[in-house]
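*Asks:* Mind looking over this structure? Questions follow.
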Amino acid sequence: MSPVSWCAGCTAASLTRRDVLRALAAATAAVLLPRPARAFTILSPSQEEEIGRSAHKEILERFGPLDSASLQAFVARVGQRLVEEAEYTGFEYRFTALDTPEVNAFALPGGFIYVTRGLLAEANSE
């Protein structure tokens, strides 16, 4: 499945700033939404972190982190502002900008959140 299959007819040029910001917010919200009661949770927080850590290595091998300390700091700063508003703070959230032109943002279990170079290029502001 293509990372942008939700927008099969879209091109990077046709996406608006609002589309880009929605994608970033959706990826962040996926891990920041309030959690159900522990009785309904299949994995413990430590199991989620272990899964996320393992997959994080694979993500970095596949795409590589964006080689820009200022953009990495920007992504972390915006992400941390969202975390501060979250009701669930059971994880140390880690924000990483990936070096790929695909317009995408996504999250893994355990607090690993990713934004692509392509998404950052489309965003004109926070």
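The values are calculated or read from the model by the stated rules, or taken from the named source; none is laboratory data. The model shown is predicted, which means the values in this text are computed figures rather than measured ones. Cβ sites come from the backbone with ideal geometry, for glycine too, and all protein chains shown count toward neighbours.
*Asks:* If I ask for residues that are within 16 Å of Lys57 (Cβ to Cβ) and not in a strand (DSSP E or B), which ones from region 94-126 would you list?
*Replies:* Of everything in region 94-126, those that are within 16 Å of Lys57 (Cβ to Cβ) and not in a strand (DSSP E or B) turn out to be Asp99, Pro109, Gly110, Gly111.
*Asks:* Further question on the same structure: Just give me the residues in region 12-49 being in contact with a Gly (Cβ under 7 Å, 6 or more places away or on another chain), at pLDDT 65 or above and more than 13 Å from Gly90 (Cβ to Cβ), in sequence order. Give the steps one after another, and end with the answer.
*Replies:* Residues of region 12-49 in contact with a Gly (Cβ under 7 Å, 6 or more places away or on another chain): 12, 28, 31, 45, 48-49.
Of the ones still in play, those that are also at pLDDT 65 or above are 28, 45, 48-49.
Passing the criteria: only Thr28.
*Asks:* Further, regarding this structure: Being in contact with a strand residue (DSSP E or B) (Cβ under 9 Å, 6 or more places away or on another chain) and among the small types (Gly, Ala, Ser) is the filter here, so list the residues in region 57-75 that pass it. Steps first, please.
*Replies:* As a first pass, look at region 57-75 and keep what is in contact with a strand residue (DSSP E or B) (Cβ under 9 Å, 6 or more places away or on another chain): 59-60, 62-66, 68, 71-72, 74-75.
Across region 57-75, the qualifying residues are Gly64, Ser68.
*Asks:* Still on this model: Only residues that are more than 14 Å from the chain's Cα centre (by Cα) and among the basic types (Lys, Arg): list them for region 55-100, please.
*Replies:* Answer for region 55-100, where residues must be more than 14 Å from the chain's Cα centre (by Cα) and among the basic types (Lys, Arg): Lys57, Arg62.
*Asks:* Would you please list the contacts, defined by Cβ atoms under 7 Å and residues six or more apart or on different chains, that run from a residue in region 70-82 that is within 17 Å of Phe106 (Cβ to Cβ) to a residue that is among the polar types (S, T, N, Q)?
*Replies:* Gly79/Thr28; Leu82/Thr28
*Asks:* If you don't mind, there's one more thing I want to ask. For Gly90, work out the one condition from (1) more than 30 Å from Thr16 (Cβ to Cβ); (2) modelled with pLDDT of 90 or more; (3) out of contact with any Phe, Trp or Tyr (no Cβ under 8 Å at 6 or more places or on another chain) it doesn't fulfil.
*Replies:* (2)
*Asks:* Among (1) assigned to a loop (DSSP other than H, G, I, E, B); (2) aromatic (Phe, Trp, Tyr); (3) free of Cβ contacts under 8 Å to residues at least 24 places away in the same chain, which single condition is Phe91 missing?
*Replies:* Looking at each condition in turn, Phe91 falls short on (3).
*Asks:* Name every residue in region 86-105 that is hydrophobic (A, V, I, L, M, F, W, C) and buried (at least 18 other Cβ atoms within 10 Å of the Cβ), in order of residue number.
*Replies:* To start, the set of residues in region 86-105 that are hydrophobic (A, V, I, L, M, F, W, C) comprises 86, 91, 95, 97-98, 103, 105.
Phe91, Phe95, Ala97, Leu98, Val103, Ala105 - these are the residues of region 86-105 that are hydrophobic (A, V, I, L, M, F, W, C) and buried (at least 18 other Cβ atoms within 10 Å of the Cβ).
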